[in-house]
Amino acid sequence: MAETIQVDVVSAEESVYSGEAEFVVLPGEVGELGIYPRHTPLITRIKPGTVRIRPAGGGEEQLIFVAGGVLEVQPRVVTVLADTAIRGHDLDEAKALEAQKRAEEARDKAQDKQEVATVEAELASIAAQLAAIRKLRQKR
């Protein structure tokens, strides 16, 4: 049997995924990170994007959208502490497009650099969510 690693993806609201996996791929601050069993210990921030989990035994790859957070890697445990985490099948493209429209309107009305920066960060997160939706649609 292949080696596995325990993966836990949690947000402030709930535990989104917990189980054994063959590997995990997620969006690090400087690019995608691939984590396999016995990976070197690591703590880093992650940016909005898709966490891909290959479950032990080769089941269907799990996709989870995260809106940023922190990754902790130990040799046999990966923990993703996400600001927001949404299972791939729970993503709603219509809601994301509506949120994008509202954020673009807010950017147009922004009064100062701080407001613009806040809205730009929200737009980046929405764009990552829409990319996750497209990636999930391609898998079907």
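Since every read-out is calculated from the coordinates, none of them should be taken as a lab result. Note that this is a predicted model, so its numbers are computed, not measured. No Cβ is skipped: glycine too gets one built from the backbone with ideal geometry, and neighbour counts run over all protein chains shown.
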Using unit Cβ charges (K, R positive; D, E negative) and no other charged atoms, how large, in debye to the nearest 20, is the dipole of segment 49-103 about its Cα centre?
100 debye
In segment 48-75, whose amide N lies under 12 Å from the spot 7 Å out along Cα-to-Cβ of residue 121? List them in ranges.
48, 68-69
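Grab the other residues whose beta carbon is less than 12 angstrom from that of residue 14, score K and R as +1, D and E as -1, and report the net. Mind dumping the intermediate values first?
Values: positive: 87; negative: 8, 13, 90.
Summing Lys and Arg as +1 and Asp and Glu as -1 gives -2.
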Can you compute the charge dipole magnitude of the chain about its Cα centre, using +1 on each Lys and Arg Cβ and -1 on each Asp and Glu Cβ, nothing else charged? Give it in debye, rounded to the nearest 20.
400 debye
What trypsin sites (Lys or Arg not before Pro) in segment 1-65 are in a loop by DSSP, with at most 15 other Cβ atoms within 10 Å of the Cβ?
38
For semi-axes √(5λ) of the Cα gyration tensor in Å, one of [x] 19, 17, 15; [y] 30, 17, 11; [z] 56, 27, 10 was computed from the structure I shared and the rest are decoys. Which label?
[y]
Give me the three principal axis extents of segment 91-139 from the C-alpha atoms, as integers in angstrom, largest value leading.
41, 15, 11
Could you please report the charge total around residue 104, scoring K, R as +1 and D, E as -1 over all other residues with beta-carbon less than 14 angstrom from its beta-carbon?
-2
Over the chain, what is the percentage of antiparallel beta bridges among all DSSP beta bridges, to the nearest 5?
90 percent
DSSP loop GluC sites (Glu not before Pro) with at most 10 other Cβ within 10 Å excluded, longest remaining stretch of the chain:
61-140
Give the aspartates and glutamates whose C-alpha is closer than 17 Å to that of residue 135, dropping any in the same chain fewer than 8 places away, or say none.
32, 60, 61, 90, 92, 93
What is the distance, in nm, between label points placed 7 Å from the Cα along the Cα-to-Cβ direction at residue 32 and at residue 134?
1.4 nm
Angle in degrees between helix 93-109 and the longest Cα principal axis of the chain, rounded to the nearest 10:
40 degrees
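Hey, what's the Kirkwood Rh for segment 1-76 if you take every pair of different alpha carbons, in angstrom? Mind dumping the intermediate values first?
Values: mean 1/r = 0.0799 Å⁻¹.
Hydrodynamic radius (Kirkwood, Cα pairs) of segment 1-76 is 12.5 Å.
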